[in-house]
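K.L.:
One structure follows; several queries about it will come next.
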Amino acid sequence: MNLSLSDLWTAAGVILGFQATAFGWRISQESEVANRNDIVWLPPADYLNLAAMLTMVLGVFLGAALDITSIGQTKRLFGLSTLLFVCHGIAVAGHYELYGHGHKRSFRWFPFQEKAAFAITVLVLATYCWLAWLR
């Protein structure tokens, strides 16, 4: 696909907006928990979103703007950031233990379903990186 840098930046800006909104929602959820004097934390799934945002800002915007990355590298980093964000959603569902029915939440920091989502994420990201950079 023959995308220009401005096309990539347009799409990246939209996705970065979704990423920031998702992170803001998580922060507001944890603020509500803190107001109840309960334990607050960012689950591991949220670190996927933070990695996605950093990849988007540093790799897609700053890297290209400073001529550190080529258009090909920028496209690959855009794909990586987008994939991290999609995997974030899958991992958040695992954090809340939403896979399956009739299951009660364990309220752990890193429950089994989230661990499984992370394992899948590692496989997906490794495959993507192999296909995008090493092939």
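K.L.:
What share of Cα pairs, in percent, lie more than 19 angstrom apart in the chain? Intermediate results must be reported in sequence, preceding the final value.
P.N.:
Details: 5053 of 9045 pairs.
Pairs farther apart than 19 Å: 56 percent.
K.L.:
Between Val57, Val124, Val14, which gets the highest mean-square fluctuation from a Gaussian network model of the chain, Cα cutoff 10 Å?
P.N.:
It is Val14.
K.L.:
Would you mind classifying region 13-56 by shape? Square roots of the alpha carbon gyration tensor eigenvalues, ordered a ≥ b ≥ c; an a/c under 1.5 is rounded, otherwise it is prolate if a/b is larger than b/c and oblate if not. Intermediate results must be reported in sequence, preceding the final value.
P.N.:
On the way: a/c = 4.74, a/b = 2.04, b/c = 2.32.
Judged from the Cα gyration tensor, region 13-56 comes out oblate (a/c at least 1.5, b/c at or above a/b).
Here, each number is a calculation from the coordinates, and none is a lab measurement. Note that this is a predicted model, so its numbers are computed, not measured.
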